[in-house]
Structure formats: structure tokens, C-alpha cells
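One structure is given here, and the rest of the page talks about it.
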Amino acid sequence: MRLAFFGSPDFAVPALEALVGIGHEVACVYTLPPRNAGRGGKLRQTAVYEAAQRLELEIKTVSSLKGNDVLAGFEDLELDAAIVVAFGLILPKQILNTPRLGCINIHASLLPRWRGAAPIQRAILAGDSRTGITIISMDEGLDTGPILINEQIDIDHSTNSETLHRSLSALGSVMIVEALDGLQSRLISSIPQPNEGITYAAKLSRDEGRIDWKLPAVNLERQIRAFFPWPGAWFMHKNKRLKIIEAEVGSLQGVPGLLLDDKLTVACGRAALRLKIIQYEGGQPLDAKAFLRGYQIPPETIFA
């Protein structure tokens, strides 16, 4: 097929590589403009831009898709389909309707659960036992288009957003090839999304990572996994931010925020949380024993 590809972050790269590797003709790659990144604030191209450059594909960096020049150039591509993966901009109706088979989206949830910007993190935070990839034919709504195929993946207590991101990205790259094969051979057709079970995955904010010790320990443990690596789950001590990388639920009890022992077990609204890996502001992640050697916190300290 002759395709366009819309994507920006590293989540989208395996799908682009798979489409090129299987022999589809990617006529153009659309991605967001470079942004400041790192401590130096240098401009950095998106991961999709770097992958497309390596694959020697035509690239267009766009901050909007509404200009007449963008729309005309897209129409001139004479596409069979456009593939959209975590692109970052809303596609206007004219673009949605231009390719012969429309625009096909790889979405990181089992739609209609977790429509929106942060489905990976929200699934972990909510305590879902499974999530997956849904390939949809896009319409003008927010992740509301009919389903072509979907496949689930389990979430367990070892799953954080980083590991789930990698698993779903790889799964999506396999499924998009399968979906295009099915469309081309007319062996699959779309079905409307159910009207039941709709939830929305709101965009993450930095402040959302702050730990509230009054919550049950099981909720906080999920928060730590959901927000790794960004925005991170953190709390304040002596005006310094301490980020929790890994923790486990314990059975001890106490006033929420109270440090209960010399192993970094902190009382929560229900049960307790034993902090296993901590990162001091500006430092490296350390296990609890190594952390306490350089940053002494006496038992019965109360964290805010």
C-alpha cells in the first residue's frame, strides 16, 4: 500500500519500521517540530523524525494541519491509507477523508476504555488487570472510530508505565501490519465501539505525581508504577523532592506519612508502603539501604 505516517514519540517508531520493513510504500512522514530537551535545552527532533531520516523517508514537520498548503500536499500523495500513532495533533476532516481506506489509528488501550491522552498510565493507576492495543478506523471524535482489531495484554504488580509502553509499542507494530493486510484482502471489517465502558484518560500533569500519604498503600503503589518514568511519584522532605521508583505494600499501620522503621516503611491511610528504590533530587536512583547511608532519616519522621 501507499501510506502516510503520522507520529511523534518513540512509541510510534516500531510501527513505522514495521510498515517499511514489510514493503509498504511510506510516501511521507508527518511529525511535530523539534522541542527543547535535556538540561541544555537544545532543540531535539522527535523520535519519529529521527527514525524516518534513518529510513530515508520524506518528512514534514508540522505544528498545524489546517493550512491549505498542508491539505493540498496531502491530497497530492494519492494514498491508500494514513497510519496515526501518538501524533499529537487533531486530524481535520479533510485529511481523515482523503486516503482511499481512511486514517488508521494504533491506540494503547482496549477501547472504549481509556480514550484520550494517557491510556497506559491511567490503566495502571486504576488497577486494571489488562489493557491492550486497539486498531481503529478514525472519525472526527476522540478515539471514537470503529474497531478493526484489538488484542489484550496483562497488567501485574511488576508492570510500570515504561515496561507497558514498550510491550504495547511492539504489539501495535505487529497488529498494524495485520490490520492493513486484512483491509487489503477484505478479510476484516470495522465494528462500532460499544456504548458501555467508556472512560477517558486525561493528560498527565507534573503535580499529579505528588504522594498523598492519606491514601491506601495499594493506591500509592499503583501511582508509583503508573507515573514511572514521568512525572514520577514524589514527596517532600526538608524542602527536597524525593522520587519513589519502586515500592511494595506492607501490613504495618500508623499515622499517614509516619516513617515506621529503619527500612523506609511509611504508614499510609490504609496499610503501609515500603520504599525500595528512591531518587534524591538531582541524584541517582538508590535502593533503600544505600539511600539511607547517605541520607539519614530517623524513624518516626513524618513526611508531608
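Here, each number is a calculation from the coordinates, and none is a lab measurement. Everything numeric in this text was worked out from a predicted model, so none of it was measured. Glycine also receives a Cβ, built like all others from the backbone with ideal geometry; neighbour counts cover every protein chain displayed.
Tabulated data for the structure shown
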{"read-out": "Contour minus Cα-Cα distance for Arg293 and Asp207 (0.36 nm per residue)", "value": "28.1 nm"}
{"read-out": "Calculated FRET efficiency for the pair Ile90/Phe303, C-beta based, R₀ 45 Å, to 0.05", "value": "0.65"}
{"read-out": "Span-like helix ranges in the chain, DSSP H, alpha carbon extent 27 angstrom or more, Kyte mean at least -1.0", "value": "161-185"}
{"read-out": "Stokes-Einstein D in µm²/s, Kirkwood radius over Cα pairs - the chain at 37 °C with 0.692 mPa s viscosity", "value": "155"}
{"read-out": "Space enclosed by the convex hull of the alpha-carbon atoms of segment 16-164, per residue, Å³", "value": "138"}
{"read-out": "Net charge, Gly23 excluded, C-beta distance under 12 Å - Lys, Arg +1, Asp, Glu -1", "value": "-1"}
{"read-out": "Close Lys-Lys pairs in the chain, where close means Cα under 22 Å and separation is 8 or more or interchain", "value": "21"}
{"read-out": "Radius, Kirkwood style, for segment 230-304 when every pair of distinct Cα atoms is counted (Å)", "value": "12.3"}
{"read-out": "Convex hull of segment 120-271 built on C-alpha atoms - directionally averaged projected area, nm²", "value": "10.9"}
{"read-out": "Value of [θ]222 nm, deg cm²/dmol, for the chain, DSSP H segments ≥ 4, -39500 (n - 2.57) each, nearest 500", "value": "-7500 deg cm²/dmol"}
